[in-house]
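Worksheet for the structure shown next.
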Amino acid sequence: MAKKYRILVVDDEESITFLLKTELEELSDYDIDTALNGTEAINLIQSKIYDVVLLDIKMPRVSGIDVLKYLNEHSPSTQVIMLTNVVDMKTAIETIKLGAYDFVSKPYDPEQLQATVSRAIEKRKLVIEKEVMKNELNRIGGTAGLIGESAIFKHVVSNTKKVAASEAFILIQGASGTGKELIAHLIHNESPRKDQPLVAVNCASIPDQLLESELFGHEKGSFTNAYVTKQGLVEVANGGTLFLDEVGDISQPTQAKLLRFLETGEFRRVGGTASMKVDVRVVSATNKNLPQEVHAGRFREDLLYRLNVVSIQLPFLRERKEDIPLLVDYFLQRQSKSKAKKISPEAMAMLMKHDWPGNVRELEHVIEGGIILSQGEVVEPQDLWMNPALLSQSKGSSDNNGQNGLLSLEELEKIHIEKVLKYNQWNRVKTAHMLGITPKTLYLKIKRYHIKVGSSVESE
Ligand SMILES: Nc1ncnc2c1ncn2[C@@H]1O[C@H](COP(=O)(O)OP(=O)(O)OP(=O)(O)O)[C@@H](O)[C@H]1O
Ligand SMILES: [Mg+2]
């Protein structure tokens, strides 16, 4: 379904609103409302989001300038085209300074007007795109690259493409690092909404009080620090896809508000009174077992049903080990600066043996580390630092350290610290952070294990 652009025409002369509506509708597939005075316009703006407003300057009581100011505050992405008489030219220029997109003067040439409207729509898209970009959660990890040839993975991808085309809400389930975010992008890109925004919200990383205002926006002054009116992400996503990542982490009060929104498409900004409506397709993802969360009383059952019209379950990487070589090649290509490094058969064997609790993300990090740690053109087993258990296996067999070829925990710790230090180019602060210990503890361990530390770029 292509989105119909929403236009509002405001003029106190009914013949003009009628004419503009008819002419514009003839020229383009717009959804056009009309208002005969400023108050009526503001009422409509409170309940609907317009792409473009055509606004007469001179109207009794609430003037076009008042409506323009109201729009600036309450619907900043909406573009305003002022309708003027030739004599109003000076005022028209003033309105541009006040934030109007453009002005047209009577008599209107329908085609010219339509061209201005469609430029205003493009401008609004740019404004929205900027909002979407600001929403840093939207970084796409290596665009559409979804690697996997195993039957189980291909099945998931082909099912995803099928359901993407529908308007159904989709819940993506899978363990951490299995590719839920990539699948959400695939859904959007394969859907009829692909030219509209995809807005991602990471529900786990936003504190609960803020989540509601991120999602639904807030009115100026609704809480401390709410200096300006802010549009909610649901508005930014209007016409497109709203991706609720880590949806299992939403608090109960926000769950209730989300449910109301999903049922009606209506929401209210924090501190606002008017109810607004948008059209979004919701895709959500979680690594939690939501039925279990429902059972434990932490997640609303009715919300689960809403979100989960169709569900997609992503497999663990250990269930599709045949994809590991492909993924490794892909990451080697993508992450090598110049010529892609290769991987030795021994190192590959090690990767195939591993259980991958962190799934594809863990593999990606291991390869990234391997590229940095390997001296030559080939990534060898010793360049792969994975989970310590595996490290001990491989080290044990090749270096014959300790009893029975196994390492003691301390030896293991020493090796691991050295690797992480090297990985972080001897930056101790970063290393401590990665290891989850304080820089002081790291310092003590370096002393204790007599780790020879290379020179770091950091100043200590
Ligand atoms: N099939 C795949 N092909 C290529 N890269 C993949 C694939 N699956 C996952 N990745 C990569 O692995 C990393 C993790 O993927 P993603 O963020 O989509 O996982 P997730 O399921 O959302 O994880 P989490 O639950 O931790 O948020 C990303 O860098 C992604 O690019
Ligand atoms: Mg994710």
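Based on this model, can you work out whether LEU384 counts as within 16 Å of ligand 2 (Cβ to nearest atom) and open to solvent by less than 10 Å² (accessible area, probe 1.4 Å)? For LEU384, the condition - within 16 Å of ligand 2 (Cβ to nearest atom) and open to solvent by less than 10 Å² (accessible area, probe 1.4 Å) - is not met. Going through the range 334-376 one residue at a time, which ones are open to solvent by 70 Å² or more (accessible area, probe 1.4 Å), closer than 22 Å to LEU421 by Cα and within 16 Å of ligand 2 (Cβ to nearest atom)? Within the range 334-376, ARG361, HIS365 meet the criteria.
For every residue, the table says whether it meets (1) touching a Leu at 6+ places or on another chain (Cβ under 9 Å); (2) outside any helix (DSSP H, G or I); (3) open to solvent by less than 10 Å² (accessible area, probe 1.4 Å).
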{"position": "ILE16", "(1), (2), (3)": "yes, no, no"}
{"position": "ASP29", "(1), (2), (3)": "no, yes, no"}
{"position": "ILE49", "(1), (2), (3)": "no, yes, yes"}
{"position": "SER77", "(1), (2), (3)": "no, yes, yes"}
{"position": "GLY99", "(1), (2), (3)": "yes, yes, no"}
{"position": "GLN114", "(1), (2), (3)": "yes, no, no"}
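For the range 228-246, the set of residues classified as away from ligand 1 (no atom under 16 Å from the Cβ) and β-branched (Val, Ile, Thr) consists of VAL228, THR229, VAL234, VAL236, listed by residue number. Determine whether the range 326-333 contains at least one residue that is open to solvent by less than 10 Å² (accessible area, probe 1.4 Å), within 14 Å of ligand 1 (Cβ to nearest atom), charged (D, E, K, R) and farther than 15 Å from ILE172 by Cα. The answer is no; no qualifying residue exists.
Any chance the range 233-243 includes a residue that's open to solvent by 40 Å² or more (accessible area, probe 1.4 Å) and in contact (Cβ under 8 Å) with a residue 40 or more places away in the chain? Taking every residue of the range 233-243 in turn, none turns out to be open to solvent by 40 Å² or more (accessible area, probe 1.4 Å) and in contact (Cβ under 8 Å) with a residue 40 or more places away in the chain. It is to be established whether one or more residues within the range 247-262 are within 23 Å of the chain's Cα centre (by Cα), within 16 Å of ligand 1 (Cβ to nearest atom), of a type in the set (A, V, I, L, M, F, W, C) and modelled with pLDDT of 90 or more. The answer is yes, given that some residue of the range 247-262 is within 23 Å of the chain's Cα centre (by Cα), within 16 Å of ligand 1 (Cβ to nearest atom), of a type in the set (A, V, I, L, M, F, W, C) and modelled with pLDDT of 90 or more. Filtered by the rule that a residue be open to solvent by less than 50 Å² (accessible area, probe 1.4 Å), under 15 Å from the mean Cα position of the chain (by Cα) and in contact (Cβ under 8 Å) with a residue 40 or more places away in the chain, the range 194-215 gives GLN196, PRO197, LEU198, VAL199, ALA200, VAL201, ASN202, CYS203, LEU211, LEU215.
Just a yes or no: is a residue in the range 182-189 outside the structural domain of THR78 (by TED's automatic domain parsing), in a loop (DSSP other than H, G, I, E, B) and closer than 27 Å to GLY145 by Cβ? For the range 182-189, residues outside the structural domain of THR78 (by TED's automatic domain parsing), in a loop (DSSP other than H, G, I, E, B) and closer than 27 Å to GLY145 by Cβ: absent.
The values are calculated or read from the model by the stated rules, or taken from the named source; none is laboratory data. The structure presented is a predicted model; accordingly, all values stated were derived computationally and were not measured. We place every Cβ from the backbone using ideal geometry, glycine too, and count neighbours over all the protein chains shown. Ligands, DNA and RNA are stripped out before the accessible areas are found, and what is left, the full protein with its side chains, is counted by its heavy atoms. Shrake-Rupley method; radii C 1.70, N 1.55, O 1.52, S 1.80 Å.
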